[in-house]
Amino acid sequence: MLNSQQSWQLALTNAVTNVQELCDILNLDSHPLQNQWIHHSAFSLRVPRSFVARMEKGNPSDPLLMQVLPLTQELELSPHYCQDPLQEKQSNPVPGLLHKYYGRVLLIAASGCAIHCRYCFRRNFPYEDNSPGLSGWRPALDYIAKDSTISEVILSGGDPLILKDNYLAHLIEQLASIPHLKILRIHTRLPIVLPERITDSLITALTASRLQPVVVTHCNHPRELDRHVEQALKALRQANITLLNQFVLLRGINDNPDTLITLCQQLFFNGVLPYYLNLLDPVQGTEHFAVSTEEGQQLIQSIRARLPGYLVPKLVREVPGETSKVKKD
Ligand SMILES: *Cc1c(COP(=O)(O)O)cnc(C)c1O
Ligand code: SF4
């Protein structure tokens, strides 16, 4: 019998990283797809098996598959797309910390992810300069301690929940010793893509300090929510963790009202409120996923006509130099 820590780590290690294997599992005829794949890339295929199990067999346009399959479209250069569209280097005062907005800072707590989402805006982020080991957090902690306007710290990445429980617990303890910090926010896709990660000992690590915990999940399509994910979300909710979901508006994946409405409703049935619907950041290699602002606005209008106000996400885009995410609806 594995203990739960070993079981999620095993699931993380055993992720599918080979396109041919993915096609075999999904009964996909790899032949017609073959000249569209990228076989070798710095940001290669990575997808946990429990996420693959939620994909529809035999469907090359499955919305979950489309989020992870590396296609040659990524190699096309788009004129208004770049490597660092958010100009994050300008808000990176000490290693591992981004300070863009009043009152909150974001820590790049981990460099890796359990899944490689093809549209990811951090695919070109210089993680190697921003991944301090546990002892390397001193400059970031000092930075936060010196600025009493900061009341919220966001653990992001990469995915902060790929860190082990004792590492997280130690980091959170150090954060909690800074008196003006009140809220601990975790931005993570793991409750959705690797629900095994939500163990009792993780929940203890997240809730043991005096900081008020908020978990912002990242779920783009209702089919990502299966029984295991629902159990993981329930466990978080029962520990009094506030749950929000941010998602990305993606061409061919969730760019229609029915999918978005079902997703918002299903999230709510699992105690998660829709937070941000992000318009894609213009990072090189992702233009084939982009949905225009106008289309996004139309989608929000049709959602708003059918859902209670509290289930309508805010349509936002990140614009460098602005004092918050910019609302577009
Ligand atoms: C998105 C982001 C935040 C969080 O913004 P909220 O509007 O509070 O969700 C904070 N810091 C950075 C650097 C961000 O990119
Ligand atoms: S989990 Fe988040 S940070 Fe990681 S690849 Fe996906 S979108 Fe990017």
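The values are calculated or read from the model by the stated rules, or taken from the named source; none is laboratory data. Small disclaimer: the values here were computed from a predicted structure and weren't measured. Please note: Cβ atoms are built from the backbone with ideal geometry, for glycine as well, and neighbour counts cover all protein chains shown. All accessible areas refer to the heavy atoms of the entire protein, side chains included, with ligands and DNA or RNA removed. Shrake-Rupley method; radii C 1.70, N 1.55, O 1.52, S 1.80 Å.
Among the residues of the range 198-208, is any more than 29 Å from Y119 (Cα to Cα), in contact with a strand residue (DSSP E or B) (Cβ under 7 Å, 6 or more places away or on another chain) and not acidic (D, E)? Yes. Of the candidates Y119, Y143, the single residue that is at pLDDT 80 or above, under 19 Å from the mean Cα position of the chain (by Cα) and of a type in the set (S, T, Y) is Y119. Answer with yes or no whether K328 is more than 18 Å from the chain's Cα centre (by Cα), surrounded by 14 or more Cβ atoms within 10 Å (Cβ to Cβ) and not polar (S, T, N, Q). It is true that K328 is more than 18 Å from the chain's Cα centre (by Cα), surrounded by 14 or more Cβ atoms within 10 Å (Cβ to Cβ) and not polar (S, T, N, Q). Of all residues in the range 262-282, those being open to solvent by 10 Å² or more (accessible area, probe 1.4 Å), closer than 19 Å to D329 by Cα and more than 16 Å from ligand 2 (Cβ to nearest atom) number 2.
Can you tell me which residue in the range 289-305 is farthest from ligand 1 (Cβ to nearest atom), limited to those that are open to solvent by 50 Å² or more (accessible area, probe 1.4 Å) and of a type outside the set (D, E, K, R)?
That would be A305.
Total residues in the range 286-305 satisfying the condition of being assigned to a loop (DSSP other than H, G, I, E, B) and either among the charged types (D, E, K, R) or farther than 15 Å from D255 by Cβ (or both): the figure is 1. Does any residue of the range 3-10 turn out to be part of a loop (DSSP other than H, G, I, E, B), open to solvent by less than 70 Å² (accessible area, probe 1.4 Å) and not polar (S, T, N, Q)? No, there is no match, as no residue in the range 3-10 is part of a loop (DSSP other than H, G, I, E, B), open to solvent by less than 70 Å² (accessible area, probe 1.4 Å) and not polar (S, T, N, Q).
Table: residues versus (1) modelled with pLDDT under 90; (2) more than 28 Å from D200 (Cβ to Cβ); (3) not β-branched (V, I, T).
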site	(1), (2), (3)
L10	no, no, yes
T17	no, yes, no
V52	no, no, no
L65	no, yes, yes
L98	no, yes, yes
C113	no, no, yes
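Among the numbered criteria (1) modelled with pLDDT of 80 or more; (2) open to solvent by 50 Å² or more (accessible area, probe 1.4 Å); (3) within 16 Å of ligand 1 (Cβ to nearest atom), which single criterion is violated by Q73? Evaluating Q73 over (1) modelled with pLDDT of 80 or more; (2) open to solvent by 50 Å² or more (accessible area, probe 1.4 Å); (3) within 16 Å of ligand 1 (Cβ to nearest atom) leaves (3) as the failure.
If you check V105 against the conditions, is it open to solvent by less than 30 Å² (accessible area, probe 1.4 Å), more than 16 Å from ligand 2 (Cβ to nearest atom) and under 30 Å from L181 (Cβ atoms)?
Yes: the conditions hold for V105.
Out of the residues in the range 218-244 that are open to solvent by 40 Å² or more (accessible area, probe 1.4 Å) and part of a helix (DSSP H, G or I), which is farthest from Y119 (Cα to Cα)? Looking at the filtered set, the residue picked out is Q238. It is to be established whether one or more residues within the range 260-273 are within 16 Å of ligand 1 (Cβ to nearest atom) and modelled with pLDDT of 95 or more. Scanning the range 260-273 turns up at least one residue that is within 16 Å of ligand 1 (Cβ to nearest atom) and modelled with pLDDT of 95 or more.
Would you point out the residue of the range 306-317, among those that are surrounded by 18 or more Cβ atoms within 10 Å (Cβ to Cβ) and assigned to a loop (DSSP other than H, G, I, E, B), that is nearest to ligand 1 (Cβ to nearest atom)? Restricting to residues being surrounded by 18 or more Cβ atoms within 10 Å (Cβ to Cβ) and assigned to a loop (DSSP other than H, G, I, E, B), the top hit is P313.
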